[in-house]
1. Against the globular-protein guess of 2.2 N^0.38 Å, express the Cα radius of gyration of region 6-50 as a ratio, rounded to two decimals.
2. Add -39500 (n - 2.57) for each DSSP H run of 4 or more in the chain, then divide by its residues: what number comes out at 222 nm, to the nearest 500 deg cm²/dmol?
3. Relative contact order (percent) for the chain, with alpha-carbon contacts under 8 angstrom and 6 or more residues of separation?
4. Please work out which option in (1) 71, 27, 13; (2) 25, 17, 14; (3) 31, 13, 12 gives semi-axes √(5λ) of the Cα gyration tensor in Å calculated from these coordinates, and answer with its label.
5. Hey, any idea what the orientation-averaged projected area of the convex hull of region 46-103's Cα atoms comes to, in nm²?
6. Output ³J(HN,Hα) for region 121-137: one whole-Hz value per residue in order, computed from phi by the Karplus curve 6.51 cos²θ - 1.76 cosθ + 1.60 with θ = phi - 60°, and x for Gly and Pro.
7. Which angle between 0 and 90 degrees, to the nearest 10, do you get for helix 78-90 versus the longest principal axis of the chain when only C-alpha atoms count?
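Since every read-out is calculated from the coordinates, none of them should be taken as a lab result. These numbers come from a predicted model, not from an experiment.
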Amino acid sequence: MRSLFHLAYHVSDLDAARAFYGGVLGCREGRSTATWVDFDFFGHQLSLHLGTPFATTDTGRVGDHWVPMPHLGVVLELPDWQALARRLEAAGVDFVLPPQVRFEGQPGEQWTMFFRDPSGNPIEVKGFRSLDAVYAT
């Protein structure tokens, strides 16, 4: 079975969202109206609606760091993750957690980075050498 997720949440400025999701992240824009815009978020449907973004707190523990919860995330193969990390760094994105590897040499070894969109919505992007390792224990 092939499936994809759909997630809808608020942003405070559609133009800034278009510049970030389309321009910085490289997501293809889909349908839109005056109050929302869809993006192909790495193969999944993300709908951004004008409104007050959800509240977050830094209560998620990642190693020795606390990260924003809740957050949206995506898992990429490592070469795609590395290319995105370089693009975000070149764009001057302010990272909550800069690109780094965690669980090195262990099952589930992964690269991660956390950042926020212009409305403050937190996003995590993980990278794996093989997507078969995502659930490794």
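1. Numbers: Rg = 9.1 Å, N = 45, 2.2 N^0.38 = 9.3 Å.
Rg over 2.2 N^0.38 Å, computed on Cα atoms: 0.97.
2. On the way: 2 runs with 17 residues, N = 137.
So the calculated ellipticity at 222 nm is -3500 deg cm²/dmol.
3. Working: 254 pairs, mean separation 30.1, N = 137.
Once divided by the residue count of the chain, the mean separation gives 22 percent.
4. (2)
5. Values: hull surface 21.4 nm².
With every direction weighted equally, the projected area is 5.4 nm².
6. Each residue's phi maps through the Karplus curve to give 6, x, 9, 10, 10, 9, x, 10, 4, 9, 5, 5, 8, 4, 9, 4, 10 Hz.
7. Rounded to the nearest ten degrees, it is 60.
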